[in-house]
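Heads up, the thing below is written out as structure tokens.
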Amino acid sequence: MATNQMGDLTSKMIFTTGEAADLCKISQQTIIRCFDSGRLRGFRVPGSRFRRIPREELIRFMKENSIPTDLLEGGKRRILIVDDDEQILELFQDVLAQDERFEVKTAQTGYDAGLLTEQFRPDLMILDYMLPDVNGNVVCRTVRQNPAMAGMKIIIVSGVVNQDEIDELLRAGADDFVKKPFNTEKLLSRVTELLAL
Amino acid sequence: MTQVHALPEHAGTPAPHSGGGVGVGGRPSRRGTRAAPAATLTRRRTAEALAQMSGNDASQARHIELILRQIDSLPTLPVVATRLLSLTASDESSARDIMEVVSADQALTAKILALCKQSDRGVRTDVMSVDKAVVLLGFNAIRNAVLSVQVVGMFDRPEPDGANKPGASGTGKPNDAGHFDRTAFWRHSLAVAITAEFIAAAHPGSADLPPSEAFVCGLLHDIGKLAIDYVLPKSFSRILELADLNQGNISEFERRIVGIDHHTAGKRLAEQWGLPHRLQDCIWLHGSNYETLPRLDHRRMVGVVGLADLMVRRAHIGFSGNHVLKQDPQELARKIGLDASRLDSIGQRVHEELERRSKALGLDDKASRDLFIQSIQQANQALGRLNAALDRRGAMASRQAQILEAVTAFHSGATPGSGVPDVVNSVAVSAAGVLGGGFYAVVCPGDKSDERTRAWLISQFSDQGKPMRSHLIEPPPEAPDIMSVDLHQPAAMNLMGILPWISDHLEGAPDLRSIKMLPLSCGWGTAAILLHDRPMLPPWQMLAPLAATWGSAIAAAAQHDGARRLGEDLAESNRALAEAQDRLLRNESLTRLGEMAAGAAHEMNNPLAVISGRAQLLAGTLPVNSREQKAAQTVCEQAHRLSDLITSLRLYADPPKAVRQQTDMGILLDEALKRVAREVRETRDGGKGAPVDLKIKSKLPVVRLDPDQISQAIAELILNAVQAQPKTGVQVIVQADKTAKQLTIQVVDDGVGMDGHTLAHAMDPFFSSKPAGRRIGMGLPRAQQLVSTHSGWIQLRSAPGVGTTATLTLPLDPEA
């Protein structure tokens, strides 16, 4: 049950001081003291004095104080795959499914990808360069302009290799480039590497 | 002295007969050298007058009108003559009327009587009174006698400057002051009158030829000359001068100088004096061709006067000013319908008769023998002058022949399509041949195709016309355009005035003062200028055709040179165009291929990714090292091969730009060998591991190039050699050629080699001689492409069974 609760906790975006205390395995008082002193940033619920802490801020706080984040990050890593080819999406899903640590969602257009990055908050995005509605480098740039997604990794895949375009993508914020067809093992190792697993 | 003569010769061009002779041919020796300056001066004035006269037609018309009016204002005949004319014209007049008129003038009476005594009818010497004379001779004879006396007397006024000295008279030509010798003129007129009378008398049956009429007509036929001399004495003496010099027809020079001839002037005078029509027409028309005379009643009378004039002139009696004696009197007589056989006897009687009549008119008192001798002398002189004129014409003709010969020789020596220098040499040889050995140089515009420079080509020649030196010079800014150089005194123009600086470009420092310019003109200007040191040239009108020939030849050669250059440029452009077209076509097909490959890369790599990915996943589930797992792995590998092929196709069609950087060739070669080793290891194609021996023949330079591309290209060549199953191995020989500024990398194998077909297609994409094509045939085309983007090239030499040598050549300064 606790595991379940913890499991629920790990995927939450906003935490109460009690939840934060559980995750950090420290007392709620300490959390409150840190919150009040500003070392742990958050907000109060409008019309009440209840404190609330966003997920990113909590993780930052935990890392800052060398508190293991296993409980928060030890859960499945969210990976969003964006490609207009369904077969490719299925292939990626099957490849990534070999590793149980990944939770995978897919999108077929740039628009869907944009929605899912907000809702699903992926840790890593595998992005086809040529989408029906938008180019990969535009997606990269949009993602990078959003501070909330600063930590998200991006791997661009494409059937066309053009060094100039690759350089441009890397400048736009992509973390890596993989040419189709790809070696599945190499892809997996690259993903785990980027997610620092 | 000669120089003084040469100048006016060229100035006086308008008169075709006035030029030419003097400077070239023999001068009439009898005139002597002392007469020359005066004659030259006179000629120059004539030329001036001519120039003024030919100025414009309107002024000339006014001039003629002026002359005619002056003729009209000549004094009328004395009353006695007029009266006599009207009396004799009327049938009702009696001898008494005439006698009264004549007797009133004692001097006249005396002369009439003297005349009657000497006339053919005056055989009786006892005619002492006018009345007897009238009875004896008849009205008309009296009238004619009176007319003769009066007219002669009227013009026989004393010369104002007294130049008509006795010594000069009777020579039959103008004296040094140029005045008209009246005595000689009247002697001529009288001789014509007598001759005409004799001719008429010899044909008694001809009612239209009364002898006494013929006498008056002959006497007064040249009255127009007196009229012109009376009105314009200076002009008339020039006319005489010119007619004498050219041995020409005086009428021609009268018309040229004063605008009208003595025929017209005489007609006006006769009209004014109211002379009978018959007389008027004889005065007017005696010089015309008999055939062209209008159908007059007195046509034959006019003809007789003309015939008499001709006979007298041929006998050289007196002086008429006319020197043309072309016609044969016998023939003319037959045309007129006369008995030609009688002319000889008439001519023999003229001298005698002339002596008698002259005395009667108070003209002269020379004995007939003297007269005869004088006539002979004059005839001799005329003959001498004629000979001199012929000599001059002969000399001129021989010069002309020489010029023509030179033109012919020049043309026959000309080779069609010769360049300007060749033609200039021919011109110099030709000039030396015609003008004599000496200094020669030709100045002509240099290469006209380049408009930025206006260089001149100066070619200098030795005395024998051998080319000495020919070079291009840059004329100073003030130098005129050769084309527009216009020399008014072509043969004598001095170099000093126009191109003083040109001596800087002439060898042997010739004396500039002696060098003259001869323009060689063509249709549109001066094609070239011939510099020469000849003090005397043939007259310009003779030299001009030759100079034009030379000029045209040079101009034609220049045009030909230009056309040839243009042709060469055109051929070059065509070549470049063909190459560009070739490239364009190639580029176009490459562009299409590139577009296709790009599309294919996108569309095909997705399914290939699925195939390869699925195969890998499948392989992961199959038993390790099982056949199934290997099959799945093969599927994966082949999918990647296909993908690689698409990639290289795309790279070939749309090659990446070279990113040049300073590159150490040694490091680059190491990198290439590493690539080869990696490729061999990965593909297992060169599995036999043929040894690669690297020989570096010279110090390797640092070159600015794209190291990645070039090492790839070298690797492709080595890989190709390694895969050719070499018997011993592969040699890579690297050499930098500093002088040729290029680097060569030779890759030599002693493998299977290539046959002609393979060699021809070795650089084509996807062409592979290897069975079942384990490699995709893009290696050499790709290498070729990479090298050519560095302005280098690859050459293949191969023989089946012997091996292949691939030579990669790179310029050391590829961006230059």
*For region B:703-767, count all C-alpha to C-alpha pairs, find those more than 20 Å apart, and express that count as a whole percent of the total.*
40 percent
*What percentage of all Cα-Cα pairs in region A:11-53 are separated by more than 12 Å?*
56 percent
*With viscosity set to 1.567 mPa s and temperature to 4 °C, compute the Stokes-Einstein D of region A:45-197, Rh being the Kirkwood radius across alpha carbon pairs; µm²/s, no decimals.*
79 µm²/s
*Kindly list the residues of region B:191-217 that lie in the label zone of B:Ser341, defined by a backbone N under 19 Å from the point 7 Å along the Cα-to-C-beta vector.*
B:199-206
_Ascending count of other beta-carbon atoms within 10 Å, so fewest first, for B:Tyr230, A:Tyr129_ = B:Tyr230, A:Tyr129
*asked:* Using a Förster radius of 35 Å, what is the FRET efficiency between B:Ser573 and A:Asp164 based on their Cβ-Cβ separation? Nearest 0.05, please.
replied: 0.45
_Theoretical ellipticity at 222 nm over chain A - DSSP helices of four or more residues, -39500 (n - 2.57) apiece, nearest 500_ = -14000 deg cm²/dmol
*Could you work out, residue by residue across B:618-625, how many beta carbons of other chains sit within 10 Å of that residue's beta carbon, and then give the average as an integer?*
1
*Can you give the Rg to Rh ratio of region B:658-811, both from alpha-carbon atoms, with Rh computed by the Kirkwood formula?*
0.94
*What is the extension gain from B:Asp422 to B:Arg660, computed as 0.36 nm multiplied by their sequence separation minus the C-alpha to C-alpha distance, in nm to one decimal?*
80.5 nm
*What's the exposure ranking of B:Phe198, B:Phe185, going from fewest to most Cβ atoms within 10 Å?*
B:Phe185, B:Phe198
*For the pair A:Lys63 and A:Asp112, what calculated FRET efficiency results from E = 1/(1 + (r/R0)^6), where r is the Cβ-Cβ distance and R0 = 30 Å, to the nearest 0.05?*
0.40
*Among A:Lys186/B:Lys699; A:Lys25/A:Lys179; A:Lys76/A:Lys179; B:Lys674/B:Lys741; B:Lys657/B:Lys738; B:Lys225/B:Lys326, which pairs are too far apart, with a Cα-Cα distance over 32 Å?*
A:Lys186/B:Lys699; A:Lys25/A:Lys179
*Expressed as a rounded percentage, what relative contact order does region B:658-811 have, with Cα pairs under 8 Å and six or more residues apart?*
24 percent
_Euclidean distance of C-alpha centroids, region B:566-619 and region B:209-236, integer Å_ = 108 Å
*asked:* Using Cβ contacts closer than 10 Å as the measure, can you line up A:Val134, B:Val427, B:Val732 from fewest to most?
replied: A:Val134, B:Val732, B:Val427
_Please compute the average number of Cβ atoms from other chains found within 10 Å of each residue's Cβ in peptide B:645-656._
1
*Taking the Cβ-Cβ separation of B:Ser788 and A:Glu56 as r and a Förster radius of 60 Å, what is the calculated FRET efficiency to the nearest 0.05?*
0.65
_With N set to the number of residues, divide the alpha-carbon radius of gyration of region B:620-700 by 2.2 N^0.38 Å and report two decimals._
1.61
_Per-residue average of Cβ from other chains inside 10 Å of B:631-642_ = 1
_Give me the percent relative contact order of chain A, please, defined on Cα pairs under 8 angstrom at least 6 residues apart._
14 percent
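The numbers here are math on the coordinates, done by the rules we state, and not lab data. Just so you know, these numbers come straight off a predicted model, no measurement behind them. Because the Cβ atoms are built from the backbone with ideal geometry, glycine has one as well, and the counts that use them run over all protein chains shown.
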